[in-house]
Amino acid sequence: MEKRQARNSGVRKEDVGWWDPNPAADGNMHLGLNFDRLKYWLTAGAKPTDKVAELLGHAGVLPKVPQMPHYNPRDPKDDTKWRPNEDK
């Protein structure tokens, strides 16, 4: 009988690190990497996913991924162009 897998799971060749997204008692998230194997796979042409590229950027292996600017809409009460003239 075949072992079933999700179609987007991919084939895992080798574990080159781990990441614990839950903050530990010290308040930090922990990441462990096998730099030698990681460099090998990157030079062999492996493409990291967006999240992995972000984590590798934090670790200093890859350049940091630029973050999209956050749009904060202005409060319409502060808009003086369309405010009715209250001096009348």
| field | Interchain or long-range residues, amide H under 5 Å from GLY17's placed H | value | ASN34
| request: Work out how much length PHE35 to LYS51 would gain on full extension: take 0.36 nm times their residue separation and subtract the Cα-Cα distance, in nm to one decimal. | output: 4.0 nm
| request: Pull out the extension gain between GLN67 and ASN22, defined as 0.36 nm times the separation in residues minus the alpha carbon to alpha carbon distance; nm, one decimal. | output: 14.0 nm
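Every read-out reported here was derived from the displayed coordinates using simple, explicitly stated rules and does not represent laboratory data. These figures come from a predicted structure and were not determined experimentally.
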